[in-house]
Amino acid sequence: MDQTVALINEYNATEQQLASLQGCETQMLGTEVDVSHVTSELCKLQGLRMKVNQDHQHLLKRIHRNQNPRFLHYLVCNRSAKVERLKAELEFLENQEQDLSNSIITESASLSNLQQQQQNAHAAANLKHQLEERMRALFDQIMDAQPPTQALQDLRADLQQQGSLLRSEQDLLQGVGSSVALVKEGLSKFQEVEGLYRNAHGMREQARVNSQEVCEARHKRLEETFGGMLCAESAEIRRERSGRREGKVQSERDSLINAAHDVAFEAYSVISQGLRSFPMQARCRYPQLCAAIGSVALPRLEGVNFTSSFVSDSIPGTVGAAINDDSPGCKIQKHLRVVEECACLSSSQLGHMLAIESTVSSNVERLRADVESLEQSVVAERRNIFSIARFRVMHG
């Protein structure tokens, strides 16, 4: 009890000492502004005096040259009157320089005084911070010596429980967010695959139209030039050139499809990882919302194999080209439908995950608000206990 009395008495004395320092920080800020303003004004005055001093030295040289002429200075008309005018200007500059020197002395004295005030204000602010820290330490020591009330115990228990729930919910939100990020990445890759397949299909159709137009135009020119003599030979040439063009287009198309296949494999892997890593705690806590997550199987793309294109190229005539056109075209459309379905299912899974993430995020915000409210209640209860102990010491 005696220790509590001594601590409370020291607390009261510190509080009284601190009361006299209220407003010192505002005063410190005001002094710093004044010091900055006077320093700027002093620099300006010193610059002006330097300029006037330079003009003064230059004017002295001009007066000396006109009073002691050499060479062409003898030709100056009314040189004596010019000397008198220059002397008048010199006198004005000397007066101006003296005024500036007096102003600089005044401002320097003012700056010195303000700097001293600034130091005092900083010292007062530092002392205020030290006293505030000492009061907080005294408050904690006094509270440690007081038995906690039932209300304070209940508040601390609730705070500990809510804090534990908040940390658990924050970990859950982080886990759900990681799964959402993976599914988003997988969906983006499926969309990329879809674009690659569409480009490949568009390249195939455009190549077929262009090849037909070029062949018809070349055949027409040959008939106009040579008549019917070279019809059989020109047909064979057309087939060979068409085969080479189609082979080039097929190579570019195959590259796009194989690239799409690689990206699709990455998309499957990322989506699977995102679904597998979805927190089990979320499934247990929100079973209805999580029921649809991971409950669907994404359709699989068949392996892309274009070995048959080299076989069909060996077939004479246009039969091989027809086979080569139809088989990859069907595969492209089939793969495109599979990828579209994968993107649709991935988007659906992402929507369910985002709903869970939004729910968990709302719970985190609610728990954080509850924790902040409990912390404020604990502070208020501790302050109430301190006030009762202080009253007893001062009026006991």
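The values are calculated or read from the model by the stated rules, or taken from the named source; none is laboratory data. Only a predicted model underlies this, so the values are computations on that prediction, with no experimental measurement involved. Please note: Cβ atoms are built from the backbone with ideal geometry, for glycine as well, and neighbour counts cover all protein chains shown. We work out accessible area using only protein heavy atoms, side chains counted, and drop any ligands, DNA or RNA first. Shrake-Rupley method; radii C 1.70, N 1.55, O 1.52, S 1.80 Å.
Numbers below:
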read-out	value
Environment charge at HIS122 (Cβ cut-off 12 Å; Lys +1, Arg +1, Asp -1, Glu -1)	-1
Of the trypsin sites (Lys or Arg not before Pro) in segment 3-78, those whose Cβ has at most 13 other Cβ within 10 Å and which sit in DSSP loop	ARG70
Euclidean distance between Cα centres, segment 335-350 to segment 34-63, Å	78 Å
3J(HN,Hα) from dihedral phi, segment 5-22, Karplus parametrisation 6.51/-1.76/1.60, rounded to Hz, x for glycine, proline	4, 5, 5, 5, 4, 5, 4, 5, 5, 5, 5, 5, 5, 6, 4, 6, 9, 5
For segment 1-97, accessible area per residue (1.4 Å probe, heavy atoms of protein chains only), Å²	71 Å²
Net charge of neighbours whose Cβ lies under 9 Å from the Cβ of LEU166, counting Lys and Arg as +1 and Asp and Glu as -1	0
Per-residue HN-Hα couplings for segment 386-395 [Karplus 6.51, -1.76, 1.60; θ = phi - 60°; Hz; x = Gly/Pro]	4, 5, 5, 5, 5, 4, 5, 5, 6, 10
Within-13-Å neighbourhood charge of GLN27 [Cβ basis; K, R +1; D, E -1]	-2
Area projected by the alpha carbon convex hull of segment 1-143, averaged over all directions, nm²	11.9 nm²
Surface share of carbon and sulfur [accessible, 1.4 angstrom probe, percent] for segment 56-128	52 percent
Cα centroid separation - segment 97-151 against segment 268-292, whole Å	57 Å
